[in-house]
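Notes to accompany the following structure.
The values are calculated or read from the model by the stated rules, or taken from the named source; none is laboratory data. Just so we're clear, the structure is a prediction, and the values are computed from it rather than from any experiment. Cβ placement follows ideal geometry from the backbone for every residue including glycine, while neighbour counts extend to all protein chains displayed.
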Amino acid sequence: MPAIPPADSVGHQMVNNKANGKPTIPSGGTSYIYLAVAVASVGGMLFGYDTGWVSGAILFIHQQFALTAGEESIVVSGALVGAMLSSVVGGASSDKFGRRHLLLVAAGICVLGPVTTALANNLLVLIIGRFITGIGIGLASFTTPLYISEIAPERDRGRMVSLNQVALTGGIIVAYVVDLAFSASGQWRWMVGLAVVPAILLGAGMAFLPNSPRWLASKGQDEQAKETLQKIRGTHDVEAEYQAIQAGIAEEKGSRWAAVFSAGVRPALIVGLSLAVFQQVTGINTIIYYAPTIMRFAGLSSATAAILATAGVGIVNVVVTIVAIFLIDKVGRRPLLLGGMGAMLLGLVVLCLAFALTGLRSELSGITIASLVIYVAGFAIGLGPIFWLLISEIFPTKIRGKATGLATTVNWGANLLVSVTFLSLIDALGKAAVFGSYGVLTVAAIVFAYFRVPETKGKTLEQIQGLWHAGTDRTDPGLSP
Ligand code: BGC
């Protein structure tokens, strides 16, 4: 266990928050917390790598196993089904056994899944491998933000948790590069198999990190909770923060599923589940998974154009997510979420019009690229990182795992629904109608977020619980960092 430096050496003593008299932690952090956040974020990399590799490898898998269209879609979506099923079960387990243990389990499963897939010699094993991988990805997808949220100081929590989304979008790009490197030789087994690298890194790193202090406190393990707080804050002076965590937990109703659906938690649950649906039904994964196909619709059929479109979308996604992490604790979650969804809407409206107005044929490819970029940038600054951040912040500690896991299951379910219906909807309704429908759903998401999503910037997880009390103005931007 590393020695705890005296408070003065790192300058992180507790200070009083003028607005409400509650203790807060000044901005910045110890190198230990940055290390913990970086290690946990590898969970996001796992999620991203698995999202990304399939697009390139499926061409070779298709050939090798002579897959029909239906079989191919089972191979691709097998992971989504696994993720959907594991999240809700994993959520309850993370409340029982702790976030850290769940991340260790996720890392183990994320080794087993890709190895099974990479060694598959028949369709059944291939599908089983994808399903196992999905189980691991589902667990990592919500446990990473949850763990980071529970260890981060409130003033940096937004950017620390959103590092998960940076790792996720980075993982998608890494997978594209790996796909590209192995595509000349057609070695799809390496494309899949390399997913074990982030899984091993996550498992090895988490083995040395502590449980989250909030989870420890919720289990009555007071001494370990305080020790962990001292370690991650770099000071012995954690009593005030610890008391605030304890007081928050003491006010909570219970740790069973009934508490998740209780009247007090319901407003938070509505926000979490609705954002889970909106993040997907506004169409992000039709673009992440099908960017080359969309470019083909716009008349760019060359392989180079397809690769550039895919890479371009991926790069915009990472770069703008990095911009988001610099803004999220300064301007707050609501302005980024609402502004980002405004940009997504603009991208979708332009895309819809471009496909609807046949007179625009010659400009179609340019307009399509521009609208995809605007749309993806809007997602990356708002709904992308902020959905995962909010669901890790808005629920009470004792049921945080269950509720976050439930929202994650809904998110994977909506992802599955949108991605498997996209191509058939295009056939049945036409491109303009499909992108137009995602636009209508984006309007619904904006209205919902405007009225229901709270501003959580600068508040402790315990203070956020106070936002749900009747009569509180949840949209108040609160403290400035
Ligand atoms: C979403 C994924 C999506 C990814 C793209 C995540 O926040 O949950 O479904 O593929 O962002 O960056």
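Numbers for the structure displayed
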| read-out | value |
| --- | --- |
| Failed item, numbered, when THR117 is tested on (1) in a helix (DSSP H, G or I); (2) at pLDDT 95 or above; (3) within 28 Å of TYR32 (Cβ to Cβ) | (3) |
| Residues located in the stretch 130-155, provided they are closer than 19 Å to MET191 by Cβ and either under 17 Å from the mean Cα position of the chain (by Cα) or surrounded by fewer than 24 Cβ atoms within 10 Å (Cβ to Cβ) (or both) | PHE131, ILE132, THR133, GLY134, GLY136, ILE137 |
| Qualifying residue in the stretch 272-283 (condition: in contact (Cβ under 8 Å) with a residue 24 or more places away in the chain and out of contact with any helix residue (DSSP H, G or I) (no Cβ under 6 Å at 6 or more places or on another chain)) | no |
| Qualifying residue in the stretch 408-420 (condition: surrounded by fewer than 24 Cβ atoms within 10 Å (Cβ to Cβ), in a helix (DSSP H, G or I), away from the ligand (no atom under 16 Å from the Cβ) and over 16 Å from the mean Cα position of the chain (by Cα)) | no |
| Matching residues in the stretch 450-463 - criterion: being surrounded by 23 or more Cβ atoms within 10 Å (Cβ to Cβ) and in a helix (DSSP H, G or I) | LEU461 |
| Residue count for the stretch 238-285, restricted to those that are in contact with a Ser or Thr (Cβ under 7 Å, 6 or more places away or on another chain), surrounded by fewer than 23 Cβ atoms within 10 Å (Cβ to Cβ) and in a loop (DSSP other than H, G, I, E, B) | 2 |
| Unmet criterion (only one of (1) modelled with pLDDT under 95; (2) within 16 Å of the ligand (Cβ to nearest atom)) for GLY171 | (1) |
| Residue match in the stretch 187-197 (condition: crowded, with 20+ Cβ neighbours inside 10 Å and on the phi > 0 side of the Ramachandran plot) | no |
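Per-residue answers, yes or no, for (1) more than 16 Å from the ligand (Cβ to nearest atom); (2) more than 22 Å from the chain's Cα centre (by Cα); (3) at pLDDT below 90:
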position	(1), (2), (3)
PHE208	yes, yes, no
TRP215	yes, no, no
GLY220	yes, yes, no
GLN224	yes, yes, no
LYS231	yes, yes, no
GLU251	yes, yes, yes
GLY283	no, no, no
THR286	no, no, no
